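Enquirer: Please see the structure below; I have some questions.
Every read-out reported here was derived from the displayed coordinates using simple, explicitly stated rules and does not represent laboratory data. All figures in this text were calculated on a predicted structure; none of them were measured in a lab.
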Amino acid sequence: MTMTLATDTASDRPAINRAVAVLRAGGLIALPTETVYGLAADADSEQAVRAIFAAKGRPANHPVIVHVLDARALRAWARAVPVAAQALAAAFWPGPLTLVLQRGARATDLLTGGQDTIGLRCPSHPWARAVLTAFAGDDPTRALAAPSANSFGRISATRAEHVRADLGEKPNGAVDLILDGGASPIGIESTIVDLSGAAATLLRPGAISRAQVEAVLGSPLLDAPADAPRASGTLARHYAPRTTLELVAVARVAARINELRGEKIALLAPAATLLDHSSDMVLRLVAPDSVDEYARRLYSLLHQLDAAGARRLLVAIPPAGAAWEAVHDRLRRAQAGG
Ligand code: TXA
Ligand code: MG
């Protein structure tokens, strides 16, 4: 079932109680976070975490991130909590930052994909917090395994209807309860920083920028080695629409549309480039100008483009610059191998 949430968490005890009951019984809920919707289950229940993998069709060797209430949970789930982890948690939690640390005993192979590390994130969305708080009860270390609420390799969900259309609700779908809290305000997944080794490494860019993380660490972040994708979000082909997606420089959009005459295309480009009136164009969407709005709407736009019945999606490459790093990352992955 789907429960549409009230605007404030305090007035929606029934939804929270229902969510906690499902989680305590080992079930799956989809819930809004500030980044994207998460598919959550009790991180201490092996059967519940297995249900996440089954629902997503995710290979067992891919780790899931664990959502915690606050930094007190670090010691419960990680073997070692380096000073850098404390500093980043103090600076950015609750918020869109995932820390990868050496796993503690409580972090099962199922959660870590058999790796020596565990990914921990403390969400800031009022609904994610309300559910976590109620679920944790008197034990602040109790946590929720919560990867993004989409099938493996597909476009992430930033709205409840994306989850309904992809994973679906029981009995026909996979999710016991979908909490509908409207659109996720950030729209792309958390920044992932790996602190399990000698040097801090950026595994996935996100809303918290490289520069912000580096300012707290006082040192530059390494980039994830291309040959060792430990995070499924770092697989080249990820966040991908079903339709072939092609990135095109803004200056080339008109020419490319011309070249593709006769092929049904759907286009995402700045307003100024949307002049073409080709009948082969099945959908034209205006690309947001600001990076925050682009990120917030990115997955919704991709879902829309993918559903348009086009043979090819053309996406104008957004502006260059450090602020756009995470958007470029997601678009590159949406294109790869498509
Ligand atoms: O914003 C987010 O992080 C969202 C919301 C729902 O919290 N979650 C999310 O989860 O994006 P997921 O599972 O789709 O992506 C989390 C990424 C995956 O690429 C996973 O492989 C990686 O984190 N990850 C988790 N644990 C890891 C670990 N121990 N080492 C390396 N990567 C890890
Ligand atoms: Mg994901």
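Enquirer: Roughly how tilted is helix 325-335, in degrees to the nearest 10 and between 0 and 90, from the longest Cα axis of the chain?
Expert: Approximately 70 degrees, to the nearest 10.
Enquirer: Indicate, rounded to the nearest 5 percent, the antiparallel portion of the DSSP beta bridges found entirely in the chain.
Expert: If I count the DSSP bridges inside the chain, around 35 percent turn out antiparallel.
Enquirer: Can you grab the distance from the C-alpha centre of region 45-90 to the C-alpha centre of region 261-338, Å, no decimals?
Expert: 33
Enquirer: Still on this structure, I have one more. Rounded to the nearest 10 degrees, what's the angle between the helix 46-56 long axis and the longest principal axis of the chain, both from Cα atoms, 0 to 90?
Expert: 0
Enquirer: How large is ³J(HN,Hα) for each residue in region 268-273, as worked out from phi by the Karplus curve 6.51 cos²θ - 1.76 cosθ + 1.60 (θ = phi - 60°), to whole Hz, x for Gly and Pro?
Expert: Once θ is set to phi - 60°, the couplings for region 268-273 become 10, 7, x, 3, 5, 9 Hz.
Enquirer: Rounded, prolate or oblate: which fits region 1-69 when a ≥ b ≥ c are the square roots of the eigenvalues of the alpha-carbon gyration tensor, with rounded for a/c under 1.5 and prolate only if a/b beats b/c?
Expert: It comes out prolate by the Cα gyration axes.
Enquirer: Once amide H atoms are built 1.01 Å from N in the peptide plane, which residues 5 or more positions from residue 287, or in another chain, come under 5 Å H to H?
Expert: Under 5 Å from the amide H of residue 287 lie the amide H atoms of 269, 271, each far enough along the sequence or on another chain.
Enquirer: Hey, what angle do you get for helix 291-306 against the long axis of the chain, alpha-carbon based, 0 to 90 degrees rounded to 10?
Expert: 70
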